[in-house]
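Submitted below is the structure of interest, expressed as structure tokens.
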Amino acid sequence: MSAPADIALPSFDFPEFSPGTVWLVGAGPGDPGLLTLHALHALRLADFVVYDALVDERILGCARTGAVLEYAGKRGGKPSPSQPDISNRLVQLAREGKRVLRLKGGDPFVFGRGGEEALALVAAGVTFRIVPGITAGIGGLAYAGIPVTHRETNQAVTFVTGHNTSGEVPDGLDWAALARSPVLVFYMALKHLPGIAERLLAQGRDGATPMALVSKAATPAQRVLETTLARAAVDAEQHQIEPPVLIVLGEVVRLRAGLDWLGAESGRVLDPDPLGTRQQHRVG
């Protein structure tokens, strides 16, 4: 199989990536095959690729020969550049006449600080383009065999950040309302999982509600831990689950027994009726 960098792009016209401009591009949850065509086009033209910690190395391998790869990752508890420093760097490179690709894991506008960086470019008079990516809360869970919606379980899903701007559990959220949401998807929440579980339980969420923790989603190192709300924090520590981690709470987790397509490739036998509703439908 050819490497992604060798794939021929379709013949339709792509937008011009002009010198002195910045493209804020979502790289998806990990698998290079989930890049959009616009993202791949940008990688092949960029002079500078300013990338985040969660961008897969295989995706960086798609950059053109001669492009400068500059790390600007932010990881909790580790030294990292400040957000103003990153924004100022994008402005600086654009003013030097570079084609600047700001490459972010997932989607730049879903807990990705893309809005902050784009507004800094607006303030500096720098032309920019947004290229959406597949957000981890959808694509990463799909690689775990967990859909965020299913007709038999939920008609709504709530996406939540696991920490606020100071790195603490976001107390400004309406935890009573969150506890009533049929499906919750938490980003960057492993560190605060005990506190999050405590708040949801205090608001009446059943401790037996299925929960899954997906570590390093959509990469070869992906691990999935199925547990419950009440046991999640203990199980995560016992099984040494490592970040980055997506956390999903709700009945959709049960569907993994039938939809774990990656597990099926390794021999897992899938359950065609993971919710136990088939007989019910026959009777009706």
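Could you work out [θ]222 nm for the chain from helices alone, using -39500 (n - 2.57) per DSSP H run of at least four and dividing by all its residues? Round to the nearest 500 deg cm²/dmol.
Helices in the chain give a 222 nm mean residue ellipticity of -7500 deg cm²/dmol.
Given H placed 1.01 Å from N in the peptide plane, which residues other than close sequence neighbours of residue 68 have an amide H under 5 Å from its amide H?
Amide H neighbours of residue 68: 48, 49.
Using Cα atoms only, what is the angle between the long axis of helix 83-95 and the major principal axis of the chain, expressed in degrees (0 to 90) to the nearest 10?
40 degrees
Given the convex hull over the Cα atoms of region 30-117, what projected area results after averaging over all orientations, in nm²?
Mean projected area for region 30-117: 5.8 nm², to one decimal.
Consider all pairwise Cα distances in region 159-284 and report the whole-number % of them above 24 Å.
Considering region 159-284, 32 percent of its Cα-Cα pairs are separated by more than 24 Å.
Further question on the same structure: In terms of the Cα gyration tensor, with a ≥ b ≥ c the square roots of its eigenvalues, is the chain rounded because a/c is under 1.5, prolate because a/b exceeds b/c, or oblate?
Prolate.
Using DSSP to call loops (not H, G, I, E or B), can you name the GluC sites (Glu not before Pro) in region 98-199 whose Cβ has at most 12 other Cβ atoms within 10 angstrom?
168
For the chain, modelled as a Gaussian network with Cα springs under 10 Å, which listed residue fluctuates most, 124, 212, 27?
Maximum among the listed residues: 124.
Now for a separate question. Top mean-square fluctuation among 176, 189, 42, Gaussian network model of the chain, C-alpha springs under 10 Å?
176
Ranking 11, 82 by Cβ neighbours within 10 Å, fewest first, what do you get?
Numbers: 11 6, 82 9.
Lowest count first: 11, 82.
Oh, and also: Among DSSP bridges having both ends in the chain, what percentage is antiparallel? Round to the nearest 5.
Restricted to the chain, the bridges split so that about 45 percent are antiparallel.
Shifting gears a bit: Hey, if you put +1 on the Cβ of every Lys and Arg and -1 on every Asp and Glu Cβ in region 134-284, which of 167, 219, 245 ends up farthest toward the positive end of that dipole?
219
Hey, another quick one. Using 1/(1 + (r/R0)^6) with R0 = 45 angstrom and r between the beta carbons of residue 177 and residue 265, what's the FRET efficiency to the nearest 0.05?
Details: r = 39 Å, r/R0 = 0.86.
Computed FRET efficiency for residue 177 and residue 265 comes out at 0.70.
If I build a Gaussian network model for the chain, linking alpha-carbon pairs within less than 10 angstrom, which residue out of 266, 181, 87 has the largest mean-square fluctuation?
Among 266, 181, 87, the largest GNM mean-square fluctuation belongs to 266.
List the relative contact order of the chain as a percent without decimals, with contacts defined as Cα pairs under 8 Å and 6+ residues apart. Write out the running numbers ahead of the final one.
Details: 535 pairs, mean separation 48.7, N = 284.
For the chain, the relative contact order is 17 percent.
Bear in mind that the values in this text are calculations on the coordinates, not laboratory data. Note that the structure is a prediction, hence the values are computed from the model and not measured. As a convention, Cβ positions derive from the backbone with ideal geometry for all residues, glycine included, and neighbour counts pool all protein chains shown.
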